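Below is one structure, written out as C-alpha cells; comments come after it.
Nothing in this text is a laboratory measurement; each read-out follows from the coordinates by a stated rule. Computed from a prediction, not measured in an experiment: that's the story for all the values here. Cβ atoms come from the backbone with ideal geometry, glycine included; neighbour counts cover every protein chain shown.
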Amino acid sequence: MGRTPSHSRGLIQPNPAIGEAPQPRRTPTPTARDVQGETAQGRHPNLCDLAVMIWTERPAKTDVEAVVCRYFSLLRAGKVPEAEQLVDHSPVRHVLKSLWAGSVGASADAEEASCSPAADAWERDLSWLCELDLGDFNWGHTDSHFYAEVTYRAQVIEVSLGFWIKPTDAGWVVAGPSTLW
C-alpha cells in the first residue's frame with residue numbers, strides 16, 4: 001500500500017523498431033488487476049501502446065504488473081501477435097500450450113487428448129483462453145523477477161507465468177513469460 005506507479009520514473013516511448021503504431025485500448029471493462037496500473041492522474045499514458053515498454057530506470061512493480069496484465073488481457077482476447085509485442089520474448093506458442101495443458105487439457109481425459117486428431121484444437125480455437133485469469137503476483141526477494149498465478153474457472157492451476165525485469169542497451173524491459181510447473 002502507498003506505492004503508486006509514476007510515469008516520472010523514467011518511462012520513455014515504446015520501441016519504434018517494432019514498427020507498430022500505438023493502438024487505442026479496445027479491451028472492454030477493465031478488471032481489478034488492470035486498474036492497478038492507474039495513477040492519481042488516470043491511466044498510465046503508454047499502457048495502450050503495443051510495443052515493448054522501455055524505462056530509462058528500473059520500473060516500479062506496479063508499472064511492470066500493469067504491462068503483464070495488458071499482456072494477459074490480449075492473450076485472453078486471442079490477440080497473440082499484439083501480446084507478443086508487449087514483452088521482450090520470442091513467440092508464445094509454448095505459453096499457450098502450457099496454459100492449455102494446465103487448464104482445459106488437465107480436465108480432459110489424457111489419453112483422449114493425446115490420441116485425438118483434434119489434439120491441437122487449442123491452437124486453432126483460442127476461445128478457451130477467456131476462461132483463464134491472472135491470480136496473485138509473487139515477487140522474488142530481489143524484486144527483479146516474479147511469477148503470476150493463473151486461474152481456470154476460478155481455481156489456481158499448476159502453471160504459472162514467470163516474468164523478469166532486465167536491463168538492455170535501450171533501458172529496462174519486462175521479459176518473459178516462462179512457464180513454471
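Taking 0.36 nm per residue of sequence separation and removing the Cα-Cα distance, the Ala154/Leu180 pair yields an extension gain of 7.5 nm. At what distance in angstrom do the alpha carbon centres of the range 136-152 and the range 62-89 lie from each other? After rounding, the separation between the Cα centres reads 15 Å.
Each of Tyr71, Tyr152 has some number of other Cβ atoms within 10 Å of its Cβ, and from fewest to most they run Tyr152, Tyr71. Taking packing as the residue-averaged number of other Cβ atoms within 10 angstrom, the listed peptides 76-84, 134-142 run from highest to lowest as 76-84, 134-142.
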